[in-house]
Amino acid sequence: MTRPPQKRRVETRARLLAEASRLIEAQGYAGLRVEDVVEAAGVAKGTLFAHFRDKDGLLAVLIGVEVMHLIDGMETATPPQDLPQLMERLEPLLDFVASDRVIFDLLLRYSGSTGAERDEVVAEGFYRQIDLWAGWIAGMQAAGTVRGDHPPALLAEGIQAFLNQVIAIRFCQGEQATGTPAEALYPFLAAWLVT
């Protein structure tokens, strides 16, 4: 008995994603090759392109899922009360995005902020971050631990902008980058948020 075409398509997509994830774990995002994914999944190259526009489209799906998982964790954490706690909540996401230039580049490209390409999961992740951070900032404004002279959403968008700036600068610095991404971000957020 053959499986219905839709079920077979879903299974093939899941197999491609699983094999790509396994290969990324072994060799990193930059080392992922379409040829290795299709060979491991036991499908033709055209099958991968039928599911994902290209390798970057496949990576955007995998990266988007990981970002959503990290945001889920932030949403279940206790809201921060001050800047040091805010930094603790941001650190897992910051470390993930700063861990590989491919991640950073694809998140920016597929968010729709730097071009016409857009992945719904990646874009939704950016919106979820801003909404979550705005809620945290509203709570910190009520507690008087961050500036209250601007709307929380504006301050949250500033966090995103500084996060992107710090990561971009770290990739430009290459081997000369010192400290952790969080250590690089902290002074910007202190100047931006603290009264």
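Some values worked out for this structure:
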{"quantity": "Degrees separating the helix 83-98 axis from the principal Cα axis of the chain, which is the longest one", "calculated": "30 degrees"}
{"quantity": "Gaussian network model of the chain, Cα within-10 Å springs - most flexible of LEU155, LEU163, LEU32", "calculated": "LEU32"}
{"quantity": "Pairwise Cα inverse-distance average, inverted: Kirkwood Rh of segment 1-51 (Å)", "calculated": "11.3 Å"}
{"quantity": "Efficiency of FRET between GLU157 and LYS55 - r from beta-carbon atoms, R0 41 angstrom, step 0.05", "calculated": "0.85"}
{"quantity": "Cα convex hull of segment 54-193, projected area averaged across orientations, nm²", "calculated": "8.2 nm²"}
{"quantity": "Angle between the chain longest axis and helix 120-143 axis [Cα atoms, degrees, rounded to 10]", "calculated": "20 degrees"}
{"quantity": "Heavy-atom surface of the chain, accessible at 1.4 Å and reported per residue (Å²)", "calculated": "52 Å²"}
{"quantity": "Fully extended contour minus Cα-Cα distance, from ARG9 to TRP192, at 0.36 nm per residue", "calculated": "61.1 nm"}
{"quantity": "Accessible surface of the chain [probe 1.4 Å, protein heavy atoms]: carbon and sulfur percent", "calculated": "55 percent"}
{"quantity": "Relative contact order %, segment 1-51, counting alpha carbon pairs below 8 Å whose residues are six or more apart", "calculated": "35 percent"}
{"quantity": "Förster-model FRET efficiency, 30 Å R0, THR78 and GLU183, C-beta, rounded to 0.05", "calculated": "0.85"}
{"quantity": "Principal-axis tilt of helix 101-110 within the chain, Cα atoms, nearest 10 degrees", "calculated": "90 degrees"}
{"quantity": "Over segment 74-195, relative contact order from alpha-carbon pairs under 8 Å, at least 6 apart, %", "calculated": "29 percent"}
{"quantity": "Rounded FRET efficiency, nearest 0.05, which uses the C-beta distance separating SER99 from ALA44 and R0 of 35 Å", "calculated": "0.65"}
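The values are calculated or read from the model by the stated rules, or taken from the named source; none is laboratory data. As the structure is a computational prediction, the values presented were derived from the model and not from experiment. When we count neighbours, we look across all protein chains shown, and the Cβ atoms used for this are built from the backbone with ideal geometry, even at glycine. For the accessible areas, the whole protein counts, side chains as well, though only heavy atoms, and no ligand, DNA or RNA atoms are used. Shrake-Rupley method; radii C 1.70, N 1.55, O 1.52, S 1.80 Å.
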